[in-house]
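Only one structure is covered here, and it is reproduced in the block below.
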Amino acid sequence: MTPSLPSPAVRSIRPGDGVAVAALWRELWDAHENWGGYPGSRDARVYQQVAARLDEDARLRSGHPMLGRHAHLIADIGGGPCGQVEGWIDPLGVSPATPTTCEVRSLVVHADARRMGVGRALLDSLAAVARGRLGGASGVLAAEVLERNPARAFYARLGYAPVAWTARVAVGHRVAGCPPIVVRHAAPQDAPAIARLEAGLAARRRAAGDVRFDPPWAIDASLVQAIASQVSASASPSGRGPRSVVAVDGAGFVRAAATFSVQLLDPPFASVRRALLGRFALESSDSVAAVVEALVSFACQLAASQGALCLELADLSAPGTELYEAALASGATSWSSVVTRVV
């Protein structure tokens, strides 16, 4: 008789786990780099600092999986952490009917503990923690999975389905000129056009099964004013968060809107800047490829000016669709997908 495998025990992170969990992170970051992801630090001191921070974080948790909006769970088999997962619980919509999102981060299982149910146990426990935090309200677990990550099949077996896709392009890539499309930073007077375009974006997300965001809102004066205020705030010198950009045709008609941002990745990532162009909201027309090319060219210039080497084109529709193929035609390659499961 084949002996049964031990079942993983899932718990909150504890003081003293820091060194083992930091080692798991290093294993994950090395794997991500092999799959084409952003590199992790090679400095052992960085992981020592991460371990100390994790132990301090565990002391603040006092045995609870949640600290603010952040969940951190550890899996043990036979003593000592053999896997871990984090989750960030954050509503991405404002409608009470829109499920709150728990973003799955840094799921990793030690090589010696794979195929023992550790990953499934961690995700099931994270789902239970999220449901408890939401008080019975609906939620959705969402994970970004790199194109070359073999865990894509694992998520599919657990019932996760892809709802959004990302491609990536080197910012040094130079696309051809695309007149008469001009891309610029959005201004408050663009708010009516952005509202109209984002209604189409919301409909596209829902059609793809992405329930993390609100369905289309009625376009009225209050919505337009809210968008105008947001555009104005992000454009100010002290503004934080993504900047809205718009693509305008030769007649001055706003054909597309998107958002651009750059962030410095935190340790244990190596110190690199991550540039993203997302929230693609476009008119459906014969010129989608030209509009996307213009958006990518403009964003590449912004990314290069801020020290980023690559630009991610996020929140794309599925491979084979007009938007996704336009992203590839701009010089990008497939990068990742977001998979979700309602809990």
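If you go through the range 60-69 one residue at a time, do you hit one that is free of Cβ contacts under 8 Å to residues at least 60 places away in the same chain and either closer than 23 Å to L146 by Cβ or among the aliphatic types (A, V, I, L, M) (or both)?
Checked the range 60-69: at least one residue is free of Cβ contacts under 8 Å to residues at least 60 places away in the same chain and either closer than 23 Å to L146 by Cβ or among the aliphatic types (A, V, I, L, M) (or both).
For residues in the range 1-13 being at pLDDT 95 or above and not hydrophobic (A, V, I, L, M, F, W, C), which is surrounded by the fewest Cβ atoms within 10 Å (Cβ to Cβ)?
R11
Taking the condition over 21 Å from A170 (Cα atoms), assigned by TED's automatic domain parsing to the domain that holds A195 and not in a loop (DSSP other than H, G, I, E, B), does A256 pass?
Judged against the criteria, A256 is a match.
Surrounded by 14 or more Cβ atoms within 10 Å (Cβ to Cβ), of a type in the set (G, A, S), assigned by TED's automatic domain parsing to the domain that holds L313 and not in a helix (DSSP H, G or I): is that true of S244 in this structure?
Numbers: surrounded by 14 or more Cβ atoms within 10 Å (Cβ to Cβ): yes; of a type in the set (G, A, S): yes; assigned by TED's automatic domain parsing to the domain that holds L313: yes; not in a helix (DSSP H, G or I): yes.
When the stated conditions are applied, S244 passes them.
Any chance the range 27-37 includes a residue that's surrounded by 12 or more Cβ atoms within 10 Å (Cβ to Cβ), of a type in the set (F, W, Y) and under 29 Å from V342 (Cα atoms)? Please lay out each step first, then the result.
Going through the range 27-37, the residues surrounded by 12 or more Cβ atoms within 10 Å (Cβ to Cβ) turn out to be 27-33, 35-37.
If we keep only those that are of a type in the set (F, W, Y) too, we end up with 29, 35.
Remaining after also requiring under 29 Å from V342 (Cα atoms): 29, 35.
Within the range 27-37, one or more residues are surrounded by 12 or more Cβ atoms within 10 Å (Cβ to Cβ), of a type in the set (F, W, Y) and under 29 Å from V342 (Cα atoms).
Name the single residue, out of those in the range 181-201 being surrounded by 20 or more Cβ atoms within 10 Å (Cβ to Cβ) and out of contact with any strand residue (DSSP E or B) (no Cβ under 8 Å at 6 or more places or on another chain), that is farthest from L282 (Cα to Cα).
Across the range 181-201, the extreme among qualifying residues is A191.
Looking at (1) touching a helix residue (DSSP H, G or I) at 6+ places or on another chain (Cβ under 8 Å); (2) modelled with pLDDT of 90 or more; (3) of a type outside the set (S, T, Y), which is the one condition that is false for A218?
(1)
The rows are residues; the columns are (1) without any contact (Cβ under 8 Å) to a residue 60 or more places away in the chain; (2) more than 30 Å from V50 (Cα to Cα); (3) of a type outside the set (S, T, Y); (4) assigned by TED's automatic domain parsing to the domain that holds L201.
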| site | (1), (2), (3), (4) |
| --- | --- |
| I227 | yes, yes, yes, yes |
| S232 | yes, yes, no, yes |
| L265 | no, no, yes, yes |
| F269 | no, no, yes, yes |
| R274 | no, no, yes, yes |
| D315 | no, yes, yes, yes |
| P319 | no, yes, yes, yes |
| A332 | no, yes, yes, yes |
| V342 | no, yes, yes, no |
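Could you count how many residues in the range 75-96 are within 22 Å of the chain's Cα centre (by Cα) and in contact (Cβ under 8 Å) with a residue 60 or more places away in the chain?
Total meeting the criteria: 6.
Give me the residue from the range 259-294 that is acidic (D, E) and crowded, with 17+ Cβ neighbours inside 10 Å and, out of that set, nearest to G172 (Cα to Cα).
The extreme case among them is E293.
In the range 142-162, how many residues are in contact (Cβ under 8 Å) with a residue 60 or more places away in the chain, within 17 Å of V343 (Cα to Cα) and not in a strand (DSSP E or B)?
5
The values are calculated or read from the model by the stated rules, or taken from the named source; none is laboratory data. Because the structure is predicted, anything quoted here is derived from the model rather than measured. Because the Cβ atoms are built from the backbone with ideal geometry, glycine has one as well, and the counts that use them run over all protein chains shown.
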